Amino acid sequence: MASFLRRRVVSSAIPLVFVVLGVFCLARLTGNPVDLYLPLSATSQQRAEFSAAHGFDDSLPVQLWDYLGNAARLDFGVSLRTGEPADAMVLEAFPITLQLAGMTMLLAVTGALLVGSLAAYRPQSAVDRLAGLLSMTAASIPDFWFAIMGVLVFGVALDWLPTSGTLGGPEVWVLPLATLLIRPFGVLVQVVRGSMVGALSAPYVKVARSKGAGALRVVFGHALRNAVTPVLTVAGDLAVGLVNGAVVVETIFGWPGIGKLMIDSILQRDFAVLQAAVLLTAVTIFALNILVDVCHALIDPRVRQAVPA
Amino acid sequence: MPAPDGRIPSGAATSSRSRPPRWWLLLGRDRTAAAAATVLALVFLVALSGRLFLGDRAVRQDLRASLRPPSLDHGFSGLLGTDVLGRSVLARLVDAAGTTLSIAVPAVLCSLLIGSALGLWAGYHGGVRESVAMRVADVILSFPSLLIAVVVLYVFAPGAMNIVLILAVARIPVYLRTARAEAAELRSRLFVDAARTFGTPASAIIVRHLLPIALPTLLTVATLDFCFVMLTESSLSFLGIGIQPPEVSWGLMVAQGRQYLRTAWWIAVLPGLAIMLTTVSATVLAAWVRLATDPGQRWRLTLPRKRRGARAAVPPEMIA
């Protein structure tokens, strides 16, 4: 297990290194930071002093080294908009998105396991076809449009739910969660159903049935553990994609999460904050990939021994 | 849309029994898939030829006609109502169809071509080339496409060309993984060994022997990916970092209609419906293409729907 984990950490860390380097290169590609931070009227002496103070006149390797050191200390400079330290802003926004995303994945996986298993139990039955239609539609709806429709129907027309903001009881969660949930749920139902149909036609399920095991026991006790591996892989990919959804949902519902922070800093060219947000997202995705791998290894003993491809 | 007619041997007329049925006959038997194909064909037709008939209707402003609800009284332009500047929503929908497809189609084609070529090459040769290609795919796939887009569009100006580039790069790994898996399985098959024994160069083996077998799967993935690319482009445009006014795309229309949600629902609702209709059709058609291009499964399509049995699972590599 330990060697398996070490291997996975190393191979998952490669993308992380690329992001750190990529962010550094982008910071240089956006043009001279001196022009970005100083007013147009600054004299050339002021420019030279600013460059020297912030190390922009050092050679590129030295700058890269400084950048790595600062990133390790979570020092990304201050926001151009608010003057606050960028890392504080990002760390403040992060838990909101994490809560939202965690809730979404929990609900999506649980719901999809139930609905998908139900559909797979009798292939081509009415339930199966209804689940197929619903999940296909759910996976194809543009999320921003779904959110707006939710606001229009439940917020404006019926006046049941608040249309934006995080203040209030549990009802503020309904529309953002539903919007974020819809695509992962639709996709996962299709994956669960497909892999469950395969598992339920395997010989060991026939044996379990012939020994008199009930439907619940057959599905959740016997078939599920074998059927869940592809579900886990796809769920991991979807969780990465949830960042896309979070940007949209937080923008529409005015949640001060990391998605909204990223879009705002891009629209107002606040590079320090964007840099910190991108790095934190990358680290989270790195951790998530490791978590998915560990779950794989816990569920499937073959994975633990497998030689990496 | 990708039609599998090229793979059906047309010259073998000697025995009509062994010849697989024509793809359009198969399509006609499946009503859902036929409907989906019709919708997609219609969308493409409108996108390609719509602008010829529009004239300036999509941009002509008429403040007296501002926020007019859908009605039959004002001819073609007023059929689906007008926006706040009095521009015809229907004309703008037609115009936006052109923009949306002119981004989605090149992006899908680029990633299909590059991803498949790299994947087949890596899978056929194996070894170091294979692991390097797969690592690159992992690196790209472990980032949310919107995040890449956000960062790249920060540096370069948002524009159709850059969006196509970003979407194409972001989706290359999907094809790369699929093509590699197919090629890796095929490279040890007897007919590939035979070709190698006769001294066929690797490039010829890949093009003549591997590609025809991998193509159906790759086309299915491309059909599904078309949905994903369309949705991402709409999200980007909706967020204001995609298509910029005065150009118009469906996602941008939803964004522009959002402020008038309470008074003029049609501006935001209709483009969303257009996106959904197109993506659902593509998904349905992709499921059908998968069956129709698989010689082992094609016979199922000749049965009535109820007796077809369990459909195959959604390939996990299409989703990300």
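Every read-out reported here was derived from the displayed coordinates using simple, explicitly stated rules and does not represent laboratory data. Predicted, not measured: the structure shown is a model, and the values here were computed from it. Don't worry about glycine lacking a Cβ; one is built from the backbone with ideal geometry, like all the others, and counts go over all protein chains shown.
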From the Cα gyration tensor of chain A, with a ≥ b ≥ c the square roots of its eigenvalues, which class applies: rounded if a/c is under 1.5, or else prolate if a/b is larger than b/c, or else oblate? oblate
Measuring from label point to label point, each 7 Å out along Cα→Cβ, what is the B:ASP56 to A:CYS25 span in nm? 4.6 nm
Specify the residue with the greatest mean-square fluctuation among A:PRO162, A:PRO170, A:PRO85, computed from a Gaussian network of chain A linking alpha-carbon atoms under 10 Å apart. A:PRO170
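Work out the length of the dipole vector of the protein assembly as shown about its Cα centre, built from +1 on the beta-carbon of each Lys and Arg and -1 on the beta-carbon of each Asp and Glu, and round it to the nearest 20 debye. Provide the component values of the computation, followed by the final result.
Values: 52 positive and 36 negative charges, 697 e Å.
Value, rounded to 20: 3340 debye.
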Chain A, Gaussian network, Cα under 10 Å: of A:ALA272, A:ALA178, A:ALA202, the residue fluctuating most is A:ALA202
Sites A:VAL174 and A:LEU232 - FRET efficiency at Förster radius 35 Å, r taken between beta-carbons, to 0.05: 0.80
Apply 1/(1 + (r/R0)^6) to the Cβ-Cβ distance of B:LEU277 and B:ARG189, taking R0 = 45 Å, and write down the FRET efficiency to the nearest 0.05. 0.60
Distance histogram in 5 Å bins (all Cα pairs of region B:22-299, percent per bin): 1, 6, 11, 13, 14, 14, 12, 10, 7, 5, 3, 2, 1, 1, 0, 0
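Just checking the output field for A:187-195: average partner chain Cβ neighbours within 10 Å of each residue's Cβ?
If you average over the peptide's residues, the count of other-chain Cβ atoms is 4.
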Computed lengthening from A:SER210 to A:LEU291, 0.36 nm per intervening residue step minus Cα-Cα distance: 25.5 nm
Gyration tensor verdict on region A:65-111 (Cα atoms; rounded if a/c is under 1.5, prolate if a/b is larger than b/c, oblate otherwise): oblate
If one computes the Cα centroid of region A:172-223 and of region B:179-208, what distance in Å separates the two points? 38 Å
Fluctuation leader among A:SER11, A:SER210, A:SER41 - chain A, Gaussian network, Cα springs under 10 angstrom: A:SER41
Return the distance in nm (one decimal) between the two label points of a simple spin-label model at B:ARG64 and A:ASP159, each offset 7 Å from Cα along Cα→Cβ. 3.7 nm
What average number of partner chain Cβ atoms lie no more than 10 Å from the Cβ of the residues making up A:239-249? 5
Which order, highest average first, do B:205-212, A:133-140 follow once you tally other Cβ atoms within 10 Å for each residue and take the mean per peptide? A:133-140, B:205-212
Would you mind pulling out the separation of the Cα centroids of region A:238-303 and region B:107-133, in Å? 27 Å
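Within 10 Å of each Cβ of A:288-297, how many other protein chain Cβ atoms are there on average?
0
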